[in-house]
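This report refers to the structure that appears directly beneath it.
The values are calculated or read from the model by the stated rules, or taken from the named source; none is laboratory data. Everything numeric here is computed off the predicted structure, so don't read it as measured data. Ideal geometry is used to build each Cβ from the backbone, glycine not excepted, and the neighbour counts take in all protein chains shown.
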Amino acid sequence: MSVLERIAYYQNRRDEVPNQELARELAETRDAAGIQDIAENLRHKNPQIQSDCLKVLYEIGYLAPELIAGYASDFLKLLRSRNNRLVWGGMIALSTIAEIAADEIYAHLADLQKAMQHGSVITVDAGIMTLAKLACTHDERRTTILPILLEHLRTCRPKDVPQHAEKILPAVDSENRSAFIAILETRLEDISAAQAARIRKVIKSCR
């Protein structure tokens, strides 16, 4: 049985377990050829096969991001897909390799922003993580990206503030700390007690 034949689609499964198991095996054995086979099928004409292959790849990214970093350009192309599943899956994959493939991904900052502006909640969540990780890789990138992230915190849905603040926190430096805290303190008025507790924890760790 080929590597591709082990994805959920060919197993007549609607759950993600076959994809997760395959990802774990490919990561543990560091099977570059198998990973390449999966990556090549991101362009398969069947969207279900595309989706399963993307799932395998970003699950590998969680475990061993260096094994999929070479496919950054493929994930970036998916951000322009009309298939929402491929857009948010591509963004998740990018979030796992943002620090490793920072140069290539940062060059497409506008594409990341556009995907986030028009994408699903999952796309936005993964996009925030991707941008925050990129900001941590270089001071010039931080200078460009932090205003984008802070503006997002200022305007995003109240219930998203805690998790997005937590993702952005590692990218906050001394120059942005005051603005970051000020925005979070303003957003405290909009959220529940439990959410506010998470925000206060972020603020405390930032001071």
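Conditions tested, residue by residue: (1) closer than 21 Å to Ala72 by Cα; (2) in the same structural domain as Trp88 (by TED's automatic domain parsing); (3) of a type in the set (A, V, I, L, M).
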residue	(1), (2), (3)
Ala107	yes, yes, yes
Gln117	yes, yes, no
Asp160	no, no, no
Ala182	no, no, yes
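Restricting Thr144, Thr137 to those that are surrounded by fewer than 23 Cβ atoms within 10 Å (Cβ to Cβ), in contact with a helix residue (DSSP H, G or I) (Cβ under 8 Å, 6 or more places away or on another chain), free of Cβ contacts under 8 Å to residues at least 40 places away in the same chain and not in a helix (DSSP H, G or I) reduces the list to Thr137. Scanning the stretch 5-20 for residues that are touching a Pro at 6+ places or on another chain (Cβ under 8 Å) and either in a helix (DSSP H, G or I) or surrounded by fewer than 13 Cβ atoms within 10 Å (Cβ to Cβ) (or both) returns Arg6, Gln11.
A single member of Thr186, Thr130 is in a helix (DSSP H, G or I), surrounded by 15 or more Cβ atoms within 10 Å (Cβ to Cβ) and of a type in the set (Ser, Thr, Tyr), and it is Thr130. Every condition in (1) modelled with pLDDT under 95; (2) loosely packed, with under 14 Cβ neighbours inside 10 Å; (3) under 21 Å from the mean Cα position of the chain (by Cα) is met by Ser2 except one, and the failing one is (3). Looking across Leu26, Leu54, Leu42, one residue alone is in the same structural domain as Ala126 (by TED's automatic domain parsing), at pLDDT 95 or above, farther than 20 Å from Asn84 by Cβ and within 22 Å of the chain's Cα centre (by Cα). It is Leu26. Determine whether the stretch 44-61 contains at least one residue that is touching a helix residue (DSSP H, G or I) at 6+ places or on another chain (Cβ under 9 Å) and within 28 Å of Glu151 (Cβ to Cβ). Yes, the conditions are met somewhere in the stretch 44-61.
State whether one or more residues within the stretch 112-127 are free of Cβ contacts under 8 Å to residues at least 24 places away in the same chain, more than 22 Å from Tyr62 (Cα to Cα) and of a type outside the set (A, V, I, L, M, F, W, C). Yes; the residues of the stretch 112-127 include at least one that is free of Cβ contacts under 8 Å to residues at least 24 places away in the same chain, more than 22 Å from Tyr62 (Cα to Cα) and of a type outside the set (A, V, I, L, M, F, W, C). Taking the stretch 154-186 as the range and being of a type in the set (Gly, Ala, Ser) and farther than 22 Å from Gln117 by Cβ as the test, the residues that pass are Ser174, Ser178, Ala182. Pairs are defined by a Cβ separation below 7 Å, a sequence spacing of at least 6 or placement on different chains, a first member in the stretch 1-19 that is over 21 Å from Ala32 (Cβ atoms), and a second member that is among the basic types (Lys, Arg) and surrounded by 15 or more Cβ atoms within 10 Å (Cβ to Cβ); the pairs so defined are Glu16/Lys55.
For Ala101, the stated conditions do not hold, so it cannot be described as surrounded by fewer than 18 Cβ atoms within 10 Å (Cβ to Cβ) and among the small types (Gly, Ala, Ser). Checking each residue of the stretch 21-39 against the condition of being part of a helix (DSSP H, G or I) and over 17 Å from Leu67 (Cβ atoms) gives no match.
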